[in-house]
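I have placed the structure first, in the form of structure tokens, so that the comments after it can refer back to it.
The values are calculated or read from the model by the stated rules, or taken from the named source; none is laboratory data. The structure presented is a predicted model; accordingly, all values stated were derived computationally and were not measured. A quick note on method: Cβ atoms are made from the backbone with ideal geometry, for glycine too, and the neighbour counts reach across all protein chains shown. Areas reflect the complete protein model, heavy atoms only, side chains present, ligands, DNA and RNA absent. Shrake-Rupley method; radii C 1.70, N 1.55, O 1.52, S 1.80 Å.
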Amino acid sequence: QVQLVESGGGLVRPGGSLRLSCAASASVSSFTSMAWYRQALGKERELVARRTRGGFANYADSVKDRFTISANNAKTVSLQMNSLKPEDTAVYYCKADAGGLAYWGQGTQVTVSS
């Protein structure tokens, strides 16, 4: 059973930065892709950034040029978030896809507020 544990969330002022980490119980290279999603209160969960095994990344339009997804080491994927806005406030989830199965972390809260 794959386990994903997110960390790094918190409260930050508009314009600030946060770095989220997703620690996996298996090697990142064992997954077809890993991604970050977010869900704001009262809204549907949405894709923020996705990184394939080969290193290709794609982003939601709302976060392009502000967020960066990367693999830090063999078992950790991070999401660097810069120039944060109040509308980035949400619970952020890590997802891993492998063999047709999807695995989710428990989520970490990000709040952007002055």
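Laid out as a table, the results:
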| quantity | calculated |
| --- | --- |
| Failed item in (1) free of Cβ contacts under 8 Å to residues at least 60 places away in the same chain; (2) open to solvent by less than 20 Å² (accessible area, probe 1.4 Å); (3) not aromatic (Phe, Trp, Tyr), with Cys94 passing the rest | (1) |
| Scan of segment 55-88 for residues that are part of a loop (DSSP other than H, G, I, E, B), open to solvent by less than 40 Å² (accessible area, probe 1.4 Å) and at pLDDT 95 or above, ordered by number | Ala60, Val63, Arg66, Leu84 |
| Filter result (assigned to a loop (DSSP other than H, G, I, E, B) and surrounded by 15 or more Cβ atoms within 10 Å (Cβ to Cβ)) within segment 43-53 | Arg45, Arg53 |
| Residues within segment 1-42 that are out of contact with any strand residue (DSSP E or B) (no Cβ under 8 Å at 6 or more places or on another chain) and part of a helix (DSSP H, G or I), tallied | 1 |
| Any hit, segment 21-37, residues being surrounded by 14 or more Cβ atoms within 10 Å (Cβ to Cβ), within 12 Å of the chain's Cα centre (by Cα), over 13 Å from Thr76 (Cα atoms) and touching a residue at least 40 places away in the same chain (Cβ under 8 Å) | yes |
